[in-house]
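Remarks on the structure that follows.
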Amino acid sequence: MRRVDGLCWAVTDGPEGSAAVELPADAAGARLLDEQAGGAFWCARRAGGCGALLAVVTDGDTAAFRHTGGQPCALVARPATAARAYDPLRYRPALTAWLTGQGHRPRVETLTGRDGPVGLHVAVDALGAALEVQLTPLGDTAWRARDDRLRRTARSVTWLYGPGADDAAATEASVRGAALSLRRHDRGLLVGVRDAGDRVRWVRSAACALTADGVTAPGLAEARAAHVQRSAARQDAARRAARQAAREVAQRSRRPGAVPWDVRTGTLPYPAAG
């Protein structure tokens with residue numbers, strides 16, 4: 001049986017809610033989830049859905065969601081994008097819990113692009129801090145423009161990159177020496193410190209903290225410091241090479257001029273024999 005409507009995602013706290021769940025593909029798991037949620041599933045408007053009530057239907061060993069209403073739904077029209085559309089909702093509870101557990105009061109906003117949700121913008125006003133959770137691909141030019149815009153209004157800006165934004169993470173790592181990747185892990189989060197060599201060290205979010213200067217994570221400061229040292233070493237090597245080249249040019253310019261060959265007499269610039 002095909003998955004009805006092509007969807008396997010829903011929310012359990014109303015059409016405007018954010019408590020996202022994935023329906024197990026097997027019938028037994030789906031029935032258990034249906035019982036636990038009391039049959040309360042909606043097509044999330046925050047994910048670009050229609051807000052309709054969803055029902056769990058089974059056929060043999062498989063299960064799926066079905067819209068109970070007849071209204072058109074963008075997620076049904078583009079089922080391949082549904083899982084990505086729900087990504088911000090899947091990260092939001094864990095991210096909010098991590099920040100509130102530190103005593104912060106975050107304001108979380110879903111960022112939307114042409115094809116639906118692309119990530120989360122988190123503001124912690126008491127610190128003047130902004131967190132950008134990027135969950136979809138982002139080009140270099142767009143990344144730089146958005147980063148510049150955010151830094152004009154926030155004291156600190158920290159980017160956190162989901163699995164769909166690894167190229168953007170590599171861009172920041174090459175520019176600043178390090179970038180932070182983000183992955184869901186059970187009900188929590190893993191934070192990865194990516195260095196300029198694309199090596200990633202993963203730690204639990206509990207080992208990280210948000211300060212007025214941005215997110216701190218084990219190994220982050222060291223990766224950035226190593227990048228600064230490498231950049232300084234490259235600049236120093238370039239200056240030495242430039243000075244050496246200038247000395248060689250100066251030495252050549254001070255050598256006695258060679259006697260030219262006179263084409264009219266055929267005389268070669270060699271000493272006479274004898």
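Numerical summary
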item: Full-stretch length increase - residue 53, residue 242 - with 0.36 nm per residue and alpha-carbon distance subtracted; result: 61.1 nm
item: Nearest-0.05 FRET efficiency for residue 114 and residue 45, computed from C-beta distance (R0 22 Å); result: 0.80
item: Overall Cα dimensions of the chain - principal axes, largest extent first, Å; result: 114, 46, 32
item: Contact order relative to length of the chain, as percent, for alpha carbon pairs under 8 angstrom and 6 or more apart; result: 10 percent
item: Backbone HN-Hα couplings from phi across the range 191-206 [Karplus 6.51/-1.76/1.60, Hz, Gly and Pro as x]; result: 10, x, 8, 9, 9, 5, x, 6, 7, 10, 10, 9, 9, 6, 4, 4
item: Among 82, 100, 69 the positive-end extreme of the charge dipole of the chain (Cβ point charges); result: 100
item: Relative contact order [Cα under 8 Å, 6+ residues apart], the range 84-224, whole percent; result: 18 percent
item: Over the range 4-77, relative contact order from alpha-carbon pairs under 8 Å, at least 6 apart, %; result: 34 percent
item: The chain: angle of helix 220-254 to the longest principal axis, Cα-based, in degrees nearest 10; result: 20 degrees
item: Cut-off under 5 Å, modelled amide H: who pairs with residue 17 long-range; result: 45
item: Amide H within-cut-off set for residue 160, under 5 Å, with H built and near neighbours excluded; result: 132, 133, 134
item: Cut-off under 5 Å, modelled amide H: who pairs with residue 112 long-range; result: 118
item: Principal-axis tilt of helix 27-37 within the chain, Cα atoms, nearest 10 degrees; result: 80 degrees
item: Cα long-axis angle, helix 82-100 against the chain (0 to 90 degrees, to the nearest 10); result: 90 degrees
item: Whether the range 84-224 is rounded, prolate or oblate, judged on the alpha carbon gyration tensor where a/c under 1.5 counts as rounded; result: rounded
item: Gaussian network model of the chain, springs between alpha carbon atoms under 10 Å - residue of 120, 23, 131 with greatest fluctuation; result: 23
item: Under Karplus coefficients 6.51, -1.76 and 1.60, residue-wise ³J(HN,Hα) of the range 48-61 in Hz, glycine/proline x; result: x, x, 9, x, 6, 6, 10, 10, 8, 10, 10, 8, x, 9
item: Protection proxy ranking, peptides 244-251, 90-97, 41-48, 189-196, average beta carbon neighbours within 10 Å, highest first; result: 41-48, 189-196, 90-97, 244-251
item: Spacing of the two label points (7 Å from each Cα toward its C-beta) at residue 71 and residue 175, in nm; result: 4.0 nm
item: Isolated Cys residues of the chain, judged by Cβ distance under 4.7 Å to other cysteines; result: 8, 43, 208
item: Shape call, the range 20-104: gyration tensor on alpha carbons, a/c limit 1.5; result: oblate
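The numbers here are math on the coordinates, done by the rules we state, and not lab data. Bear in mind that the values here come from a model prediction, so they are computed numbers and not experimental data. Neighbour counts are summed over all protein chains in view; Cβ atoms, including those assigned to glycine, are modelled from backbone coordinates with ideal geometry.
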